[in-house]
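Below is one structure, written out as structure tokens, with a few remarks after it.
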Amino acid sequence: MTGVLTLLAGMAAIAGGLILLLAPPRRADRPTGVAGALHSIETEYAGRAGGGTTPASRDERLAEPLMRRLRMLAKSLSPGTGPERLQHRLDIAGNPGTWTPERILAYKGLGLFLLGATGALIASGSVVGLLLGAAVGAAAGFFLPDILLYNAGLRRQAELHRALPDILDLLVVSVEAGLGFDAALTRVAQNTDGPLADELARVLQEIRIGKSRQDALRAMGERVSVEEVRAFIAALVQAGELGMPIGQVLREQAREARIKRRQQAEEAAQKVPVKIIFPVVMCILPALLIVVVGPGILSIMESPLFR
């Protein structure tokens, strides 16, 4: 009976929290004055202009108060994680799908409630178990979007690292064939796939809208965390500032990238014997011992000494 009452109390607390989240925001949360007028123009009339955003669907409009409350909750629990920091992490991850800083904050708040409630229901045998399950589930739900974003960034950085030597070789061939550096970047970005080609295409787009080549390359360096790519970008920026030949810089960078890739392949090959010890000892060796020693043990057990 006590467990049922505890479960009902937990569900009532969760329902009360959701009611507070669904309640309409206070009037003070909306900007006033000139900022309020600009906010109204952006939200109400942007979709009517040709370059405005697509109007939200009915479900999105209905869910917006809840998402706003969830974002406020996530911001209050992690004051150091602002939109700028989340956007930087999204740039490192390649801005996957429709992820935005606002959605990540909303998902953190939603995961806090959903997994917290799930943990409380699973461990509702006692008050201590309910509180512990709710705390563990809430923590897991709150940090799950961060973990997913971090893993996406790691995968993208690995792809950038693997693609760098080949991209450098293509740039060297294009420049030595007589193309300018911007034309070589365009050719490589059009004829290759992957995150590094996407970053080069973004650099070209920023150059076309008026940003200098050095600034566009520096912005690319801020979006990636691979040391080899950053060294390549720093060399290009320095060559542009000092007037050095781009072809010579590209050849040197391509040579260093090939050397590093060969060294990393040799290092990975040297780690294989160490990594294979565990499956050999745990899987292959017991089966081999059974096949070799098993008949002898059976023969000894059938001998007169064991009868």
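Rule-based calculations on the coordinates, nothing more; no lab input. Keep in mind that what you see is a predicted model, and the values were worked out from it rather than measured. Cβ placement follows ideal geometry from the backbone for every residue including glycine, while neighbour counts extend to all protein chains displayed.
Among Ala268, Ala231, Ala287, Ala257, which is the only one that is surrounded by fewer than 11 Cβ atoms within 10 Å (Cβ to Cβ), among the aliphatic types (A, V, I, L, M) and within 15 Å of His161 (Cβ to Cβ)?
Numbers: Ala231 fails: surrounded by fewer than 11 Cβ atoms within 10 Å (Cβ to Cβ); Ala287 fails: within 15 Å of His161 (Cβ to Cβ); Ala257 fails: surrounded by fewer than 11 Cβ atoms within 10 Å (Cβ to Cβ).
Of Ala268, Ala231, Ala287, Ala257, the one residue that is surrounded by fewer than 11 Cβ atoms within 10 Å (Cβ to Cβ), among the aliphatic types (A, V, I, L, M) and within 15 Å of His161 (Cβ to Cβ) is Ala268.
Can you spot a residue in region 124-145 that is touching a residue at least 60 places away in the same chain (Cβ under 8 Å), closer than 30 Å to Ala257 by Cα and in contact with a Gly (Cβ under 9 Å, 6 or more places away or on another chain)? For region 124-145, residues touching a residue at least 60 places away in the same chain (Cβ under 8 Å), closer than 30 Å to Ala257 by Cα and in contact with a Gly (Cβ under 9 Å, 6 or more places away or on another chain): absent.
Would you check if there is a residue in region 163-174 being of a type in the set (A, V, I, L, M), assigned to a helix (DSSP H, G or I), under 30 Å from Ala106 (Cα atoms) and within 21 Å of the chain's Cα centre (by Cα)?
Initial filter on region 163-174 (of a type in the set (A, V, I, L, M)): 163-164, 167-168, 170-173.
Keeping just the survivors that are assigned to a helix (DSSP H, G or I) gives 163-164, 167-168, 170-173.
Narrowing further to those that are under 30 Å from Ala106 (Cα atoms): none.
Within region 163-174, none of the residues are of a type in the set (A, V, I, L, M), assigned to a helix (DSSP H, G or I), under 30 Å from Ala106 (Cα atoms) and within 21 Å of the chain's Cα centre (by Cα).
The condition of being part of a helix (DSSP H, G or I) and closer than 27 Å to Arg89 by Cα does not hold for Gln270. Only a single item in (1) part of a helix (DSSP H, G or I); (2) under 19 Å from Arg213 (Cα atoms) is not met by Ala135, and it is number (2).
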